[in-house]
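Enquirer: Can you keep this structure in mind? I'll have questions shortly.
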Amino acid sequence: MVCEGGNSVTLRHVNDVIDVDLSVRLAGIVLSNPVVVASGTFGFGAEYEPYVDVSKLGAIVTKGLTLRPRDGNPPPRVWETPSGMLNCIGLQNPGLDGYLRDHLPALRSYGIPVIANIAGDTVEEYAKLASELERHGGADALEINISCPNVKRGGLAFGVDASSAAAVVAAVKDATSLPVIAKLSPNVTDVVHIAAACKEAGADALSLINTLLGMAIDVDRKRPALGNLFGGLSGPAVRPVAVRMVWQVYEAVDLPLIGMGGITKGRDAVEFILAGARAVAVGTGNFVDPACTLRVIDEIRDYMIRNGFRTVSEMVGLAHRRE
Ligand SMILES: Cc1cc2nc3c(=O)[nH]c(=O)nc-3n(C[C@H](O)[C@H](O)[C@H](O)COP(=O)(O)O)c2cc1C
């Protein structure tokens with residue numbers, strides 16, 4: 001328990017009295033608490049087992065999966081930035097078969113919901129991956145990464161164009177009965193427009209935000225720092241952008257939201273929840289402290305006790321209330 005201002009006795013006493021329920025329902029699945037891991041920052045869980053009791057998470061969101069294995073981009077693939085990092089991993093992953101064979105059994109052993117993050121170069125690839133994952137019991141829900149380039153439309157990311165985003169969501173909905181969460185890109189002028197198109201196409205929930213497109217130059221090598229030139233910016237540096245987008249989408253689109261971007265503490269998570277997120281994901285924070293997620297869960301509980309909240313839903317979007 002976090003004890004601020006030396007009031008641990010009071011907190012313990014209050015804790016005995018207040019029965020805090022951290023569980024949330026999201027797109028038809030029940031999470032024991034609102035904290036999940038952000039795709040691509042927790043592998044498939046096994047790497048973190050020495051540091052984290054993975055079964056305590058609200059859900060595990062897998063590394064981005066594609067139908068076939070991918071090697072990802074050439075190195076360097078990560079670069080530290082002020083209060084954040086750039087990455088250009090490029091969806092390195094074992095592909096559907098490797099995932100089902102080598103990772104799913106361990107993932108299932110944690111006993112928590114598995115949300116598979118899926119990606120593809122065409123709408124058809126997304127749909128095929130979704131139906132195969134369902135057929136093999138590979139996920140309890142799907143998170144669609146629409147930040148991938150749509151090869152049929154000149155490589156423009158699905159997520160920056162409302163009709164492309166809607167097309168991929170609709171195709172995945174058609175291909176599966178699993179809950180579908182569309183993960184929005186922040187690299188757009190109007191995130192609400194894309195969010196509304198995803199809802200219209202049948203999305204059951206939205207995740208936001210993915211990384212912000214950025215770049216760094218290595219002044220010692222006098223070359224771009226990343227092998228892929230550009231990369232995705234994440235970490236505390238992006239949190240205000242993410243909170244703003246969660247706020248805007250909450251006001252305009254009636255869907256449950258998973259908020260992420262720079263969460264490393266319980267108070268960061270609460271900020272997203274008050275802005276409108278029903279669940280939160282921790283990404284870059286896992287690299288700084290592998291047990292970050294469990295601390296965030298405890299700190300949300302402490303915040304709720306201190307502020308008299310019994311359920312997470314009481315807090316969702318509370319900052320929007322009119323005086
Ligand atoms: C190394 C790395 C790999 C990532 N891989 C994926 C991915 O495969 N699919 C995806 O949808 N998002 C991916 N992301 C984005 C994160 O899931 C998250 O949306 C973003 O980093 C913002 O959260 P954070 O600031 O807590 O990291 C990745 C982020 C990082 C840092």
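The values are calculated or read from the model by the stated rules, or taken from the named source; none is laboratory data. Predicted model only: the values in this text are computed from it and were never measured. Using ideal geometry, Cβ is built from the backbone for each residue, glycine included, and neighbour counts are taken over all protein chains shown. Ligands, DNA and RNA are excluded from the accessible area calculation, which covers all protein heavy atoms including side chains. Shrake-Rupley method; radii C 1.70, N 1.55, O 1.52, S 1.80 Å.
Enquirer: When each pair of different Cα atoms in the stretch 215-295 is counted once in the 1/r mean, what is the Kirkwood radius in angstroms, to one decimal?
Expert: Answer for the stretch 215-295: a Kirkwood hydrodynamic radius of 14.0 Å.
Enquirer: Based on the mean of other beta carbon atoms within 10 Å per residue, what is the order of 300-307, 35-42, 73-80, 208-215, most packed first?
Expert: Packing proxy ranking, top to bottom: 35-42, 208-215, 300-307, 73-80.
Enquirer: Where does the charge balance sit around A195 when Lys and Arg score +1, Asp and Glu -1, over other residues with C-beta under 14 Å from its C-beta?
Expert: Computed value for this residue: -3.
Enquirer: Would you kindly state how much longer the chain becomes between D174 and D21 on full extension, computed as 0.36 nm times their sequence separation minus their alpha carbon distance, in nm to one decimal?
Expert: 51.6 nm
Enquirer: Normalised by the empirical 2.2 N^0.38 Å for globular proteins, what value does the Cα Rg of the chain take?
Expert: Working it through for the chain, the quotient is 0.97.
Enquirer: The stretch 182-224 to the stretch 48-100: how many Å between their Cα centroids?
Expert: If you average the Cα positions of each part, the centres end up 17 Å apart.
Enquirer: Then there is this: For the chain, give the percent of accessible area contributed by carbon and sulfur heavy atoms, probe 1.4 Å, rounded to a whole number.
Expert: Accessible surface attributable to carbon and sulfur in the chain totals 52 percent.
Enquirer: Further question: Can you compute the charge dipole magnitude of the chain about its Cα centre, using +1 on each Lys and Arg Cβ and -1 on each Asp and Glu Cβ, nothing else charged? Give it in debye, rounded to the nearest 20.
Expert: Dipole of the chain, to the nearest 20 debye: 360 debye.
Enquirer: Next up: Viscosity 1.306 mPa s, temperature 10 °C: Stokes-Einstein D of the stretch 169-242 from its Kirkwood Cα radius, in µm² per second?
Expert: Estimated via Stokes-Einstein, D reaches 110 µm²/s.
Enquirer: Compute the long axis of helix 191-200 from its Cα atoms, compare it with the longest principal axis of the Cα atoms of the chain, and write down the angle in degrees, 0 to 90, nearest 10.
Expert: 80
Enquirer: Of the lysine pairs in the chain, how many meet both conditions: Cα atoms under 27 Å apart, and a spacing of 8 or more in sequence or different chains?
Expert: Within the chain, the lysine pair count is 19.
Enquirer: Further question: Let me know the shape class of the stretch 166-323, please: from the alpha-carbon gyration tensor, a ≥ b ≥ c as square roots of the eigenvalues, rounded when a/c is under 1.5, otherwise prolate if a/b is greater than b/c, or oblate.
Expert: Note, shape of the stretch 166-323 comes out oblate.
Enquirer: Separate question: Which value, in debye to the nearest 20, gives the size of the charge dipole of the stretch 205-315 about its Cα centre, when Lys and Arg are +1 and Asp and Glu are -1 at the Cβ?
Expert: Dipole size: approximately 200 debye.
Enquirer: In nm, give the distance between the simple-model label positions of L318 and D121, each being 7 Å from the Cα along the Cα-to-Cβ direction.
Expert: The two pseudo-label positions are separated by 4.8 nm.
Enquirer: Next question. What number, rounded to the nearest 500 deg cm²/dmol, is the helix-based mean residue ellipticity at 222 nm of the chain, given -39500 (n - 2.57) per DSSP H run of at least four residues and division by all its residues?
Expert: My calculation for the chain gives -9000 deg cm²/dmol from helical runs alone.
Enquirer: Whole number in Å², please: accessible area per residue of the chain, 1.4 Å probe, ligands, DNA and RNA not counted.
Expert: Spelled out: the 1.4 Å probe surface of the chain, per residue, equals 43 Å².
Enquirer: Something else about it: Can you pull a Stokes-Einstein diffusion coefficient for the stretch 87-181 at 37 °C (0.692 mPa s), Rh from Kirkwood over Cα pairs, as a whole number of µm²/s?
Expert: 239
Enquirer: Treating the angle as unsigned and between 0 and 90°, give the value, to the nearest 10°, between the Cα long axis of helix 266-275 and the longest Cα principal axis of the chain.
Expert: 80
Enquirer: If I model a spin label at S131 and E47 as a point 7 Å from the Cα along the Cα→Cβ vector, what separation in nanometres do I get?
Expert: Between S131 and E47, the simple spin-label model gives 3.3 nm.
Enquirer: Report, by chain and number, residues whose modeled amide H sits under 5 Å from the one on T81, excluding near sequence neighbours (fewer than 5 apart, same chain).
Expert: For T81, whose amide H was placed from the backbone, the distant partners under 5 Å are L86.
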